[in-house]
Each structure stands twice: as C-alpha cells, then as structure tokens.
1. State whether the residues of segment 35-50 include one that is farther than 15 Å from H101 by Cβ and either touching a residue at least 24 places away in the same chain (Cβ under 8 Å) or under 11 Å from the mean Cα position of the chain (by Cα) (or both).
2. Taking the criterion of being within 20 Å of Q118 (Cα to Cα) and of a type in the set (D, E), would at least one residue in segment 35-58 satisfy it?
3. Would you please name the residue that is farthest from V120 (Cα to Cα), looking only at residues in segment 5-36 that are of a type in the set (D, E, K, R) and open to solvent by 80 Å² or more (accessible area, probe 1.4 Å)?
4. Just to be sure I understand the filter: pairs with C-beta atoms under 9 Å, separated by 6 or more residues or on different chains, first member in segment 82-96 and at positive phi, second member assigned to a helix (DSSP H, G or I). Which pairs pass?
5. Of the residues A90, A105, only one is open to solvent by 30 Å² or more (accessible area, probe 1.4 Å), more than 17 Å from the chain's Cα centre (by Cα) and not basic (K, R); which?
6. If K53 satisfies all but one of (1) touching a helix residue (DSSP H, G or I) at 6+ places or on another chain (Cβ under 6 Å); (2) open to solvent by 50 Å² or more (accessible area, probe 1.4 Å), what's the number of the condition it fails?
Amino acid sequence: MKALYIPACLLAVILGFSLWAGRYVEQRTNHWIDLLEATDDAAGQEDWEESEKRLLDTYKDWDSSQTFFHIIMSHDELDEAETLFAGAFAVCQEQDGADFHQLLAELISQLRLLSETQSVSIKNVL
C-alpha cells in the first residue's frame with residue numbers, strides 16, 4: 001500500500017498543475033481579449049493613436065507571458081498569434097479600419113483557441 005502513495009501524490013500534483021495552468025491561460029486570454037476589444041473600439045472611433053497605444057500595451061502584456069506559454073503550449077498556435085499581432089501593428093500604421101477590425105477579430109479568435117486547448121473538457125481529454 002505504501003508503494004502507491006508516491007505515484008498517487010505525483011498524479012495529484014500533475015492534475016493540480018494542469019488545472020491551474022488551464023485556468024491561468026483562460027484568465028490571461030480573457031484579459032487580452034478585453035484589451036483588444038477596447039483597441040477595436042478606439043479604431044472604430046478613428047482614434048488611431050489610442051488604438052496603437054492599446055495594441056502595444058496588449059502586446060507587451062502578451063509578451064510577458066510567452067516564456068511560460070511556450071513551456072505548456074504548442075509553438076505553432078503561439079506563432080500564429082504573434083503573426084496576427086504583427087499584422088495588426090502594420091494595418092494600424094496604415095489606419096485601415098476594415099482590415100484592422102478583421103485582424104483583431106482573427107487575433108481574438110486565436111486567443112480563444114489557445115484558451116480552449118488548455119481547458120479541461122471532454123474533447124481535450126479524448
């Protein structure tokens with residue numbers, strides 16, 4: 001019976017970390033989505049200076065989590081988000097409202113996908 005304590009404890013620690021990591025990713029992505037929606041609102045009002053500032057603030061916040069995210073997530077999905085951020089910066093510089101809105105929508109969708117891949121659900125377990 002004692003031989004089962006160590007493996008059971010290790011499994012409990014792994015499960016706890018997995019649940020915590022999933023929740024952390026969900027919180028961070030929801031925060032970034034809120035920031036990007038505010039960025040989109042500023043662009044909708046043609047306030048490009050504010051849009052660029054908000055996008056930069058969002059990117060800096062995103063970048064601060066990348067070391068941990070690269071440890072627990074697929075790099076391809078993170079690279080896709082990076083590409084969308086770069087595209088959003090370029091379009092924001094051009095002040096093209098339609099393309100900016102589309103790129104932000106794609107970026108928000110990508111962030112939701114990141115959150116979904118780390119959530120505890122039957123489709124992730126199976």
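The values are calculated or read from the model by the stated rules, or taken from the named source; none is laboratory data. Since the model is a prediction, treat every value here as computed from it, not as a measurement. For neighbour counting, all protein chains shown are included, and Cβ atoms are generated from backbone atoms with ideal geometry for every residue, glycine included. In case anyone asks, the SASA skips ligands and DNA or RNA and just uses the protein heavy atoms, side chains included. Shrake-Rupley method; radii C 1.70, N 1.55, O 1.52, S 1.80 Å.
1. There is at least one residue in segment 35-50 that is farther than 15 Å from H101 by Cβ and either touching a residue at least 24 places away in the same chain (Cβ under 8 Å) or under 11 Å from the mean Cα position of the chain (by Cα) (or both).
2. No; the residues of segment 35-58 include none that is within 20 Å of Q118 (Cα to Cα) and of a type in the set (D, E).
3. It comes out as D34.
4. Filtered contacts from segment 82-96: Q95/A43; Q95/W48; Q95/S51.
5. A90
6. K53 satisfies all of (1) touching a helix residue (DSSP H, G or I) at 6+ places or on another chain (Cβ under 6 Å); (2) open to solvent by 50 Å² or more (accessible area, probe 1.4 Å) except (1).
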